[in-house]
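What follows is calculated from the coordinates using simple rules that are stated; it is not laboratory data. Computed from a predicted model, the values in this text were never measured in an experiment. So basically every Cβ, Gly included, is an ideal-geometry build from the backbone, and we count neighbours across all protein chains shown.
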């Protein structure tokens with residue numbers, strides 16, 4: 001479980017992010033996905049978002065500017081571009097000094 005300091009870092013993007021424009025599968029721990037170009041997902045793994053019975057995540061177009069908050073462990077784009085914010089520090093993320 002994240003402490004208050006870590007939660008603030010997640011909320012403010014202090015753990016860095018990943019710009020994604022490819023259709024390669026992406027895995028990791030992400031807390032926020034921001035759509036920067038209309039996007040269709042092939043796959044989106046989160047326990048907090050359910051797709052209506054009979055539908056598929058690929059049936060939905062997420063518009064530019066839309067932001068999703070959840071715990072994302074993997075996703076794959078069919079089209080579009082997103083910015084995925086990390087939940088935990090990446091080896092490439094800048095470090096805060098307190």
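Quick look at the values:
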{"read-out": "The range 16-86: C-alpha pair distances exceeding 20 Å, %", "value": "16 percent"}
{"read-out": "Protection-proxy order for peptides 26-34, 66-74, each taking the mean of Cβ atoms within 10 Å per residue, highest first", "value": "26-34, 66-74"}
